1. Out of every Cα-Cα pair in region 50-94, what percent are more than 12 Å apart?
2. Taking the radius of gyration and the Kirkwood hydrodynamic radius from Cα positions alone, what is the Rg/Rh ratio for region 34-152, to two decimal places?
3. Between region 45-86 and region 102-141, what is the C-alpha centre distance in whole Å?
4. Given charges of +1 on the Cβ of Lys and Arg and -1 on the Cβ of Asp and Glu, with all other atoms neutral, how large is the dipole of region 91-135 about its Cα centre, in debye to the nearest 20?
5. Once the other residues with Cβ under 9 Å from the Cβ of residue 54 are scored (Lys, Arg +1; Asp, Glu -1), what is the net sum?
6. On the accessible surface of region 27-147, probed at 1.4 Å, how many percent belong to carbon and sulfur atoms?
Amino acid sequence: FLKAALRKKGKSAALVPLLAPALSLTAKLKRRLQSNRLAESFDLESEAGAVDTLWREKLTECPRLLALRSARALRWHYPKERGALFVGVKRSGRLLGYGVLLSDHALAIGLRRWRLADLFVLEDDPLVAAAILAESFRLTQEAGAHVLEATGLPKELQLCLDSSGAFMRDLPTWPAYY
């Protein structure tokens, strides 16, 4: 990650061997969110009914604008060819939330990046969101990613990310139109 960041800024990567271990240690000390394995990856096709049930339940929570998140809509938005990885939390066979991970590498600068494209949690439950984030961190680290990027989360879910101990950087975002 450090080498890619320096390369993007046009700086010399000569200090990477000295700075990378310090950055890695800092990240490990800062990250308080550990994978508790309450969340696991799942196949959208086999969990389509659970996704549709979660969508219907979420619609009854409170009136607010939501993008369509039925299993059919998710299949269209995240086709198998894009390599989307779904991570969810189930309790007593009921899906309580999920996240969608997409690889979004910047190979020109050597950056292996994954993006949290969606985080959808019943009642914005912070424990469910934290479990999904923890498993997302674990899976992307296992895949050799330098960065897990998350943008555009609702305030309640952003608080879960803020408390994870991950490094943060404020960036302007563009609105998503469906």
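1. On the way: 669 of 990 pairs.
Percentage above 12 Å: 68.
2. Values: Rg = 14.2 Å, Rh = 14.7 Å.
With Rg and the Kirkwood Rh in hand, the quotient comes to 0.97.
3. 16 Å
4. With Lys and Arg at +1 and Asp and Glu at -1, about 220 debye.
5. Working: positive: 56, 58, 69, 94; negative: 52, 57.
Cβ neighbours under 9 Å give a net charge of +2.
6. The computed percentage sits at 52.
The values are calculated or read from the model by the stated rules, or taken from the named source; none is laboratory data. In this text the structure is predicted, and so the values were computed from the model without any measurement. Methodologically, a virtual Cβ is constructed for each residue, glycine included, from the backbone with ideal geometry; neighbour enumeration extends over all protein chains shown. What goes into the accessible areas is simple: the full protein's heavy atoms, side chains included, and nothing from ligands, DNA or RNA. Shrake-Rupley method; radii C 1.70, N 1.55, O 1.52, S 1.80 Å.
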